[in-house]
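*Asks:* Okay, here's the structure, questions in a sec.
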Amino acid sequence: MPERIKFTASRVGSLPIQAKEYAVWDEATPGFGVRVYPSGQRRYVYRYRAGASRGAAARMVTIGDVRKLGLEDARRVARDLAGQVARGGDPSAEK
């Protein structure tokens, strides 16, 4: 089961660096998470299914670097992407 935590700016900035990349997901915004890389980079991401069925392909879109984009701005982008998906869009393909 993927780890879910309540995101705060300080908590996101203090996620530990590990030998392999990993993602942590926000409790408040479905599909919104932070991917932490072995290099120390942290990026906001949005994960969704491209299609209506549970068998649809899982996709992930990078929203931005944690150091350059605030948490609330990244959440707003994730909610906008969720709206696109709900209307049948595929943000990853559109990028």
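The values are calculated or read from the model by the stated rules, or taken from the named source; none is laboratory data. No experiment lies behind these values; they were computed from the predicted model shown. Counting neighbours? That spans all protein chains shown, and the Cβs are built from the backbone with ideal geometry, glycine included. Ligands, DNA and RNA are excluded from the accessible area calculation, which covers all protein heavy atoms including side chains. Shrake-Rupley method; radii C 1.70, N 1.55, O 1.52, S 1.80 Å.
*Asks:* Looking at segment 34-64, which of its residues are open to solvent by less than 10 Å² (accessible area, probe 1.4 Å), free of Cβ contacts under 8 Å to residues at least 24 places away in the same chain and either under 16 Å from ASP80 (Cβ atoms) or of a type in the set (Gly, Ala, Ser) (or both)?
*Replies:* Listed by number, the list holds a single entry, VAL45.
*Asks:* Quick check on segment 16-33: of everything there that is closer than 21 Å to ALA93 by Cα and in contact with a strand residue (DSSP E or B) (Cβ under 7 Å, 6 or more places away or on another chain), which residue is surrounded by the fewest Cβ atoms within 10 Å (Cβ to Cβ)?
*Replies:* Selected residue: GLY31.
*Asks:* Looking only at residues in segment 39-95 that are among the aliphatic types (A, V, I, L, M) and part of a loop (DSSP other than H, G, I, E, B), which one is nearest to the chain's Cα centre (by Cα)?
*Replies:* VAL66
*Asks:* Determine the pairs where a residue that is closer than 15 Å to ARG43 by Cβ and modelled with pLDDT of 90 or more, located within segment 69-95, has a partner that is open to solvent by 20 Å² or more (accessible area, probe 1.4 Å) and in a helix (DSSP H, G or I) with Cβ atoms under 9 Å apart, the partner being 6 or more residues away or on another chain.
*Replies:* Filtered contacts from segment 69-95: LEU69/VAL77; GLY70/ALA9; LEU71/ALA9.
*Asks:* Let me ask something else about it. Check ARG79, ARG4, ARG67, ARG11 and return the single one that is open to solvent by 20 Å² or more (accessible area, probe 1.4 Å), in contact with a strand residue (DSSP E or B) (Cβ under 6 Å, 6 or more places away or on another chain) and not aliphatic (A, V, I, L, M).
*Replies:* Only one candidate passes the filter, namely ARG4.
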